[in-house]
Amino acid sequence: MAHNLDSFTQLGGRAFNHDANRDSEQEYDRLRDLARREFDRENQLRRDAREAGQRRDYGEKDRLHRQADDHEKKGQQYNKQASEFIFRENNAPGRVQGDEIDLHGQYVQEAEQILRERISVDRRRNQTHLHVIVGKGNHSTGHIPKLRQAVEELLREEGLQFQVEQNQGRLYVNLAGGPAILPQPGHPGASSGHGHAQGGHQQQHVQHSQHHGQAQAGYQQPHAQQHHGQAHQQQQYSHVEEAVKKGGPKLFKALRGCCVVM
C-alpha cells in the first residue's frame, strides 16, 4: 500500500521537550528523513507497478511490487528507530517525573501505542494518576493540537477521566476511576512541571526533580525512600521502552495517516 507522504511531515518546532544537544536532534531528523525517502521510493515503485500492469507486463509488475515492499519495510524500520530514540531522549529518568510520560516527537499512532502500554503498566502497579505531556499544538496546522485530540479520544476509549492542566500542553489522567480532579500545588500527584511542555524551549528539570527528592511524584512523599523511588521510575521506564520495541513491527505496519505534533 502506498504511503501518504504528507502524513509523515514534521510540523515545525522541535521534537524534544528539553535542551537536547545538536547531535541528538540531527539523529532524530536523520531517521525520520530516511523513512520519508524510503516511502518516496516505495510510492514511485508502486506507481511504476500499476503502469506495468496496465501494459500487461505482469512479471515486471511483480518485480516492482517486491522492490516496493522492501522499501516499505526499510521506512518502517527507520520510523521505529526514530520513535524509540525520541522516547528515550524525552523520558529518561531525570527528564520527567515518575508520574509523567512525554509524547513529543511521536507520530500519532506511535503515541497511542506507547500511551496504551504506559496505562497498562501503571494500572498493574495500582498507580492512581498520570500526567501526559502532549504539547499545545503551537506547531500544528491551524494550531489544532492533533496529538492531544488523539490522546483524549484514547482516554475516553479506556474509560478514563482527565483534565487539561494549566499550561494546556499536559493532561492529568485519573487511573483509579472517578473524576479527574487536579491536585493542589504541593499535594502528592501535583507534578511540578506545569511549564515544561512547550516544545523544547525549557530547561531540563533535573534540578526540579532534585528539589522534590527525586521521588515518584504522587506515589511517595519527598525524602521518603528516595533510592527506591528512583529505582521504581527506572523500572517503569524500562517496561514501557521494551513495549515500544516489541510493538514496533505491528505498529509501524499500521502507521499511515500520522504526523508529528509538538
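Inspect the stretch 138-150 for any residue being modelled with pLDDT under 85 and either part of a strand (DSSP E or B) or in contact with a helix residue (DSSP H, G or I) (Cβ under 8 Å, 6 or more places away or on another chain) (or both) and give the result as yes or no.
Yes, some residue in the stretch 138-150 is modelled with pLDDT under 85 and either part of a strand (DSSP E or B) or in contact with a helix residue (DSSP H, G or I) (Cβ under 8 Å, 6 or more places away or on another chain) (or both).
Looking at the stretch 7-34 only, could you name the residues that are among the charged types (D, E, K, R) and modelled with pLDDT under 95?
14, 19, 22, 23, 25
Which members of the stretch 47-83 meet the condition of being in contact (Cβ under 8 Å) with a residue 24 or more places away in the chain and in contact with a helix residue (DSSP H, G or I) (Cβ under 6 Å, 6 or more places away or on another chain)?
68, 71, 72, 74, 75, 76, 78, 79, 80, 81, 82, 83
Might you let me know whether the stretch 104-113 holds any residue that is in a helix (DSSP H, G or I), polar (S, T, N, Q), modelled with pLDDT of 95 or more and buried (at least 24 other Cβ atoms within 10 Å of the Cβ)?
No - not one qualifying residue is present in the stretch 104-113.
The values are calculated or read from the model by the stated rules, or taken from the named source; none is laboratory data. As the structure is a prediction and not an experimental result, all values here were calculated from the model. As a convention, Cβ positions derive from the backbone with ideal geometry for all residues, glycine included, and neighbour counts pool all protein chains shown.
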